[in-house]
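The block underneath contains the structure these notes are about, expressed in structure tokens.
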Amino acid sequence: MSNIGMHRRGESRPRREAVAEAPSSAPTPAREAEAAFFRACGIGKPSVARALEAAETNGTSVESELIAARLIKPDIYYRWLAQYLELPFLERIDPRSVLASPAIDALLRRDGPLRIVDRERVLTVISPSASTLQRERRRLAERPALRSRFVVASPATIRAAVWTVEEEARVRRTTGALEEKRREHSARTVLTGFQGFCIGLALCAMIAVSLTWPIHTLVGVHLTMTAFFLSASLLRLLAAAFGKRPAAPILPREARGLPVYTILVALKDEAAMAGQLVRALERIDWPKTRLDIKFICEKSDTATVAALRAANPGPQCEIIFVPDHGPKTKPKALAYGMAGARGDYVALYDAEDIPAPAQLREAFAIFSASDGKVGCVQAPLVVSNFRQNWLSALFAIEYAGLFRALVPFLGRRGLPIPLGGTSNHFRRSVLDEVGGWDPYNVTEDADLGMRLYRAGYRTVAAYHATIETAPDTLPVWMRQRSRWLKGWLQTWLVMMRHPLRTMREMGAAGFFSAQVFIAGMMVSTLAHPFMYLFIAVYLAGRVMGVEASDGSPHGQLFLTDVVSVTSSYIAFATMGVLHMTRQEKRHIALRHMAALPAYWLAMGCAAWMAIFELPRKAHHWAKTPHPAEKAGAAEHATDQVSESAGAGSGNRTRAISLGS
């Protein structure tokens, strides 16, 4: 059986960050028997010894450790087991032959037998294991008739068939689950009838008041806008002053009994990023046998699927195909992938992400030390291409302020946090409790953060970061930002369906904090272009010698608008730059800061795009493309920013300080 071995002698074992191997102990008799079996099969003694030690540490089997280490090819191995048991082997299972049952999706989360029909015979497909091999062989020898009723396939082959069976019913079920169970939390309906009535009434009242008292209306609108601007700026300044990202954690040295951790990655048209993504996830410091990585792709996206397969992901990885039903959104793909998630904990990444290797261990340590009310751990995001142009530089400032100041500030004070769209870590039980991702919300992260808070859970900031690339062209940036803002509108409208109930669930502090963060920043973004317009009209009038009439408030309103706009720039820049590393600051030039007005005006335009798109294409997902050249650039930049970003790099897995 030596042909099942694939020992790669030239590879070095990855170093672990702040986590030592668990102390060795005497192996159990069952695992020692497994080890003896594989030594007899021709697997090298050192390899078997390492697999035996890992099995004892991780609570797994020697067999699974050898497969995870790629010392055994699963297809060859299970074919050999079939020959050893004198049973037929199936390389592929026709989904039409599967006997479906209401509980068949359980086979997506655990290995087990599958019943199929072949020429009017009912067969049971099994995946034998080394630990039960001799017992199965004796049973078949004692009852030869059983050989006509059993066939062998690998667990991956069984899961592939189960995914295809009832896929249409499954995608309808997962897409509509939140709306059916918690309709008041679903963004499928953009506006309730009552909300539509209130908005229409408010617009009519605004028009009537404007026609009756134009000056008073102008003053009232300006004061309202100023309140939103200043509240958002104050929140940023408080975060700049008191927001402090967590210190580098001292991770527990004991590594025994780690749970299964599911990683979900929703992909669409990401063939260029597939290789980088697989390499980044391969470096994660977590036992491979306790990892469950799902690459979730649309059935029609053959290029991405081909690129993933060419990248040769490990046996802990699985490619899932999402049927074409309902909205084509990332949260719909995530909800579908959760049907097969095996982990007690769930992490979410994007195609371009390069997470710190120790990020999972830190998140698990935070969950383990908590009081059970931590529903999410949010890892910071670091922009790798901040030196590329003014747009990526300001995006990096924005992310530095958000993830290194604002998120830790809100988290420490127990206030609601609209999550970032990636590098979120959840307890599986909590995710199920709140209904998971809303397939109809195009900023599913903000929505989920609010629902977690309303259910009594809080979000905690992590130290170890994820490196990703920022959009570097204005059209791509505008599409991404308009989708974000449209999703924020969806989230706010869902929250405000029953405002009194929402306030009771969130508490007064949480409710008003969410209003400042979501409504305040949304309104200030929408108002930004009009404030510039008013300032320009006022200045043009003064240049042309037009004098304001006595008692006119235009001069005071001009000063109010200047203060509002200036305060927003100062707060934005202070919160970001103050929490950037020395290396990042060295490359943020004054010319980048001078582009802040253009950046904010672009945000205002994106916000109005979101407003006009919401009634027509509420659930349209504007995809952010990641060209091929960005993949190599991101990995190269990782080595340059990782030492100051707490993100690790391709070759370094030690804890690194963001404060350097």
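Go through region 475-505 and give me each residue that's more than 24 Å from the chain's Cα centre (by Cα) and not β-branched (V, I, T).
Once the filter is applied, which keeps residues that are more than 24 Å from the chain's Cα centre (by Cα) and not β-branched (V, I, T), region 475-505 yields M496, R497, H498, P499, L500, R501, M503, R504, E505.
Identify the residue in region 305-333 that is among the small types (G, A, S) and assigned to a helix (DSSP H, G or I) and, among all such residues, is farthest from L66 (Cα to Cα).
My answer is A333.
Mind checking which residues of region 276-290 are in a helix (DSSP H, G or I) and basic (K, R)?
R279, K288, R290
Of (1) touching a residue at least 60 places away in the same chain (Cβ under 8 Å); (2) open to solvent by 40 Å² or more (accessible area, probe 1.4 Å); (3) more than 35 Å from the chain's Cα centre (by Cα), Q83 satisfies all except one. Which?
The one condition Q83 does not meet is (1).
Identify, please: which residue in region 407-431 is surrounded by fewer than 24 Cβ atoms within 10 Å (Cβ to Cβ) and more than 16 Å from the chain's Cα centre (by Cα) and is, among those, farthest from A465 (Cα to Cα)?
Here the answer is S429.
Among the numbered criteria (1) crowded, with 22+ Cβ neighbours inside 10 Å; (2) touching a Ser or Thr at 6+ places or on another chain (Cβ under 7 Å), which single criterion is violated by A462?
Condition not satisfied by A462: (2).
Which of the helices (runs of 4 or more DSSP H) found entirely inside region 151-266 contain at least 1 residues meeting this: under 30 Å from A333 (Cβ atoms) and not small (G, A, S)?
So the answer is 155-164, 167-181, 193-212.
On the given criteria, is L578 open to solvent by 50 Å² or more (accessible area, probe 1.4 Å), of a type in the set (A, V, I, L, M, F, W, C) and under 21 Å from L415 (Cβ atoms)?
yes
Looking only at region 291-300, decide whether some residue is in a helix (DSSP H, G or I), closer than 23 Å to I67 by Cα, among the β-branched types (V, I, T) and at pLDDT 95 or above.
Checking region 291-300: not a single residue is in a helix (DSSP H, G or I), closer than 23 Å to I67 by Cα, among the β-branched types (V, I, T) and at pLDDT 95 or above.
Here is a list: Y457, Y440, Y538. Which entry is in contact with a Pro (Cβ under 7 Å, 6 or more places away or on another chain) and surrounded by 17 or more Cβ atoms within 10 Å (Cβ to Cβ)?
Exactly one of Y457, Y440, Y538 is in contact with a Pro (Cβ under 7 Å, 6 or more places away or on another chain) and surrounded by 17 or more Cβ atoms within 10 Å (Cβ to Cβ), namely Y440.
When you scan region 111-126, do you find a residue that is in contact with a His (Cβ under 8 Å, 6 or more places away or on another chain) and either touching a residue at least 40 places away in the same chain (Cβ under 8 Å) or within 30 Å of P327 (Cβ to Cβ) (or both), even just one?
No, region 111-126 contains no residue that is in contact with a His (Cβ under 8 Å, 6 or more places away or on another chain) and either touching a residue at least 40 places away in the same chain (Cβ under 8 Å) or within 30 Å of P327 (Cβ to Cβ) (or both).
Tell me which residues, restricted to region 139-155, are open to solvent by 60 Å² or more (accessible area, probe 1.4 Å), of a type in the set (G, A, S) and closer than 24 Å to R119 by Cα.
Within region 139-155, A145, S148 meet the criteria.
Looking only at residues in region 277-311 that are among the hydroxyl-bearing types (S, T, Y) and over 17 Å from L334 (Cβ atoms), which one is least open to solvent (accessible area, probe 1.4 Å)?
My answer is T289.
The values are calculated or read from the model by the stated rules, or taken from the named source; none is laboratory data. Not measured: the values here are computed from a predicted model. Neighbour counts run over all protein chains shown; Cβ positions are idealised from the backbone, glycine included. These accessible areas exclude ligands, DNA and RNA; they are computed on the full protein's heavy atoms, side chains included. Shrake-Rupley method; radii C 1.70, N 1.55, O 1.52, S 1.80 Å.
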